[in-house]
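Below: one structure, written as structure tokens.
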Amino acid sequence: MERFREHLRLGNYRGAFAEALRERNPFRRAVMIAEIIARSYREEFVPQLIEALEEIKSPKELAIAESYTARAFYALEMERDGERHFQRAFEELRRMASPMETAEVLGIIGKNLVLSGRYSDGLKAFRKAFDTLQSARAVYSEVVSGLVNLARRVEMSAEEIPNEIALKFYELASDIYESLGFKLQAREIKEKMKTAEEVFKRGSLAVTELLERGDVDRALQMARFLPPGERAVAMLNVSYWLFIHDYSDLAREVFNDATEMLLVGKFKAREGEIEAVAYKFLRVGKLNEAMVLAGLLRDERRFSELMGEIALTYARRGEVEQAKELAMRIGDILIRDKVAKAIREVEETRVTPGPRTPPEPDLESDDSNREGGEGGSLDADREN
């Protein structure tokens with residue numbers, strides 16, 4: 001499973017698919033393939049997903065797998081198929097006898113509804129799960145555990161919603177915690193609601209101001225409520241802030257999350273903003289990050305100019321071969337030629353020696369001067 005997750009993170013969908021096919025359990029295999037489709041938007045993996053679904057016998061597992069399959073179809077913009085699989089997921093719920101398991105599966109279906117953009121239906125599923133748990137005749141500790149897991153799932157779903165509907169999810173999560181007497185958790189949820197409300201009113205400006213004040217934790221929290229394109233750019237700025245303040249591990253984690261959003265998300269981000277952040281990374285010597293962002297630019301001139309600056313930076317560092325290799329990837333011919341010439345000039349400056357200064361004589365070790373040899377002695381020079 002670790003290799004599968006790593007392939008997914010790197011965007012190696014064929015590698016992830018190969019790992020999924022090695023999974024003998026049809027339930028796990030179906031969920032894995034559905035995740036690949038939801039991220040890659042590739043219809044070619046659908047036949048193996050349907051094949052895995054047909055092998056699942058347990059109503060609980062089939063209901064969960066059907067909801068993941070529905071989400072995969074929504075990612076492919078095949079909404080009719082997605083709706084059909086969500087209906088099948090709810091049909092499987094009726095075959096389940098345990099209220100605790102029913103509530104658990106409702107929570108998973110609710111999450112997949114949210115990730116499919118069906119926020120209102122997701123909220124209904126979560127509320128039904130809450131009602132089911134409250135009326136369940138089960139061991140108290142099991143009910144508490146089920147409610148806590150549901151509250152967390154509702155809270156996490158709220159963070160996937162870039163509009164005011166998220167507030168209703170937070171309100172439900174707060175209600176669940178309060179039903180358990182968890183006052184601290186309920187208060188934390190209400191604080192998140194205030195944060196979300198501020199972002200919905202002020203947009204990315206609120207995140208920028210928090211970064212300027214150094215409140216990076218709250219800035220990251222606020223960024224979650226921005227529309228996807230703005231959220232990704234805001235996270236890139238957070239990552240830059242973390243790099244320049246020596247939080248490298250967290251900076252890379254945030255950077256990877258942001259670029260993954262930009263790579264797999266079906267939304268448009270402003271290229272000028274991505275370019276501006278890339279130049280920030282370049283100025284502080286984060287060339288790998290700048291190159292990753294360059295690869296996200298579709299405008300050939302923007303890409304060429306940025307790659308040219310990256311190549312020149314490598315040349316000035318003494319990594320001339322790397323600089324030349326990058327220069328060859330520049331699409332704009334005029335910019336490519338200009339950069340290639342600049343790299344040659346840098347290379348010549350590093351290779352061509354400057355005027356040589358003759359070394360000063362070492363009088364103490366010069367035997368000829370000291371013994372009156374061929375060069376004469378200092379006393380003889382004075383006498384002449």
Take the stretch 99-135 and flag every residue that is farther than 16 Å from Ser145 by Cα and of a type in the set (A, V, I, L, M, F, W, C). Ile109, Leu113, Val114, Leu115, Leu123, Ala125
Contacts under 9 angstrom Cβ, first residue in the stretch 84-110 being among the basic types (Lys, Arg), partner in a helix (DSSP H, G or I) and open to solvent by 40 Å² or more (accessible area, probe 1.4 Å), 6 or more apart: Arg95/Lys60
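Do we have Asp246 as open to solvent by 30 Å² or more (accessible area, probe 1.4 Å), at pLDDT 85 or above and part of a loop (DSSP other than H, G, I, E, B) here? Walk me through it before giving the result.
Numbers: open to solvent by 30 Å² or more (accessible area, probe 1.4 Å): yes; at pLDDT 85 or above: yes; part of a loop (DSSP other than H, G, I, E, B): yes.
Against the criterion (open to solvent by 30 Å² or more (accessible area, probe 1.4 Å), at pLDDT 85 or above and part of a loop (DSSP other than H, G, I, E, B)), Asp246 qualifies.
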Candidate set from the stretch 93-103 (those that are open to solvent by less than 30 Å² (accessible area, probe 1.4 Å) and part of a helix (DSSP H, G or I)); member that is nearest to Leu62 (Cα to Cα): Leu93
Taking into account only those residues within the stretch 57-71 that are of a type in the set (Gly, Ala, Ser) and either part of a helix (DSSP H, G or I) or within 15 Å of Ala125 (Cα to Cα) (or both), which is farthest from the chain's Cα centre (by Cα)? Ala63
Subset of the stretch 212-232 [under 18 Å from Thr259 (Cα atoms), open to solvent by 10 Å² or more (accessible area, probe 1.4 Å) and aliphatic (A, V, I, L, M)]: Leu220
Anything in the stretch 275-289 that is touching a residue at least 12 places away in the same chain (Cβ under 8 Å), open to solvent by 30 Å² or more (accessible area, probe 1.4 Å) and part of a helix (DSSP H, G or I)? List them, or say none. Tyr279, Lys280
Being touching a residue at least 24 places away in the same chain (Cβ under 8 Å), more than 30 Å from Glu160 (Cα to Cα) and assigned to a loop (DSSP other than H, G, I, E, B), is that true of even one residue in the stretch 290-300? no
Options Phe86, Phe90; residue that is out of contact with any strand residue (DSSP E or B) (no Cβ under 9 Å at 6 or more places or on another chain), assigned to a helix (DSSP H, G or I), open to solvent by 20 Å² or more (accessible area, probe 1.4 Å) and not small (Gly, Ala, Ser): Phe90
Can you pull out the residues in the stretch 132-183 that are more than 30 Å from Gly203 (Cβ to Cβ), open to solvent by 30 Å² or more (accessible area, probe 1.4 Å) and either in contact (Cβ under 8 Å) with a residue 40 or more places away in the chain or not in a helix (DSSP H, G or I) (or both)? Gln134, Arg137, Ala138, Val139, Glu142, Asn149, Ser179, Gly181, Phe182
Among the residues of the stretch 192-211, is there at least one that is surrounded by fewer than 21 Cβ atoms within 10 Å (Cβ to Cβ) and in contact (Cβ under 8 Å) with a residue 60 or more places away in the chain? no
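Taking the condition charged (D, E, K, R), modelled with pLDDT of 90 or more and within 22 Å of Ser40 (Cα to Cα), does Glu253 pass? Write out each step before concluding.
On the way: charged (D, E, K, R): yes; modelled with pLDDT of 90 or more: yes; within 22 Å of Ser40 (Cα to Cα): yes.
It is true that Glu253 is charged (D, E, K, R), modelled with pLDDT of 90 or more and within 22 Å of Ser40 (Cα to Cα).
For Glu309, are the conditions met, namely being open to solvent by less than 80 Å² (accessible area, probe 1.4 Å), touching a residue at least 12 places away in the same chain (Cβ under 8 Å), assigned to a helix (DSSP H, G or I) and within 21 Å of Thr259 (Cβ to Cβ)? Steps first, answer last, please.
Values: open to solvent by less than 80 Å² (accessible area, probe 1.4 Å): yes; touching a residue at least 12 places away in the same chain (Cβ under 8 Å): yes; assigned to a helix (DSSP H, G or I): yes; within 21 Å of Thr259 (Cβ to Cβ): yes.
In short, yes.
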If Glu44 satisfies every condition in (1) under 29 Å from Ala258 (Cβ atoms); (2) out of contact with any Ser or Thr (no Cβ under 7 Å at 6 or more places or on another chain); (3) surrounded by 14 or more Cβ atoms within 10 Å (Cβ to Cβ) but one, which is the exception? (3)
Output the number of residues of the stretch 48-63 satisfying the condition of being under 19 Å from Asn12 (Cα atoms) and either among the small types (Gly, Ala, Ser) or open to solvent by 30 Å² or more (accessible area, probe 1.4 Å) (or both). 1
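The values are calculated or read from the model by the stated rules, or taken from the named source; none is laboratory data. This is a predicted model, so every value here is computed, not measured. Note: ideal-geometry Cβ built from the backbone for every residue, glycine included; neighbour counts use all protein chains shown. To get the accessible areas, we keep the full protein, side chains included, count just its heavy atoms, and leave off ligands, DNA and RNA. Shrake-Rupley method; radii C 1.70, N 1.55, O 1.52, S 1.80 Å.
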